[in-house]
Amino acid sequence: MAAWPCAQEESMKRSLFIFLSAVLFILSIYFLANVFLQWMSYERSSVPVRFTVSKVTGIDVDPSALSFGHIVPGNSVTRELLLSNNRNLSIEARIAASHSVARYLSFEPLIVVPPQEQRRIGIVAYVPPETKYGNYTGFVTIRIRGR
């Protein structure tokens, strides 16, 4: 009879271990699902970017693209995007440029816009002096999600 309480205690320890392992597994799945859903919940918008590196400066006022016109090497041009938040909660905007134009552009990569407000996003195109003449195109992608 002395072995019975010991065996019962071992069985309870094993059951507790299995239970805690299952809880930990479920919590891990829940955490990973939330991270994945947050990553997937971004709204994405891409804006075409273009500029020409040339001997003369020129402007381009195309409203459908982020166009910097003609830029002389060693100079920069600034354009703005207007980000409007018509929601009742703050939004977070993450901004990135495509590889083809990323080295020429600078901007704030993360912007928070409070509810019912707007933010101007300044984007600077700087063309280093050694840049070859030609047309440069790419995209600026804005991923937005509620906070």
message: Just to confirm the number: angle between the C-alpha axis of helix 3-40 and the first principal axis of the chain, 0 to 90 degrees, nearest 10?
response: 10 degrees
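Given charges of +1 on the Cβ of Lys and Arg and -1 on the Cβ of Asp and Glu, with all other atoms neutral, how large is the dipole of the chain about its Cα centre, in debye to the nearest 20?
Here the chain has a charge dipole of around 180 debye.
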Virtual spin-label span in nm between Leu82 and Glu130, 7 Å along Cα→Cβ: 4.1 nm
task: For the chain, compute Rh as the Kirkwood radius over C-alpha pairs and then the Stokes-Einstein diffusion coefficient at 37 °C and 0.692 mPa s; write the answer in µm²/s, rounded to an integer.
output: 170 µm²/s
- request: Just need the relative contact order of segment 43-146 here, percent rounded to a whole number, with Cα pairs under 8 Å and 6+ apart.
  value: 39 percent
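Each reported figure results from applying straightforward, stated rules to the coordinates on display, with no laboratory input. The structure displayed is predicted, hence computed values, not measured ones. Using ideal geometry, Cβ is built from the backbone for each residue, glycine included, and neighbour counts are taken over all protein chains shown.
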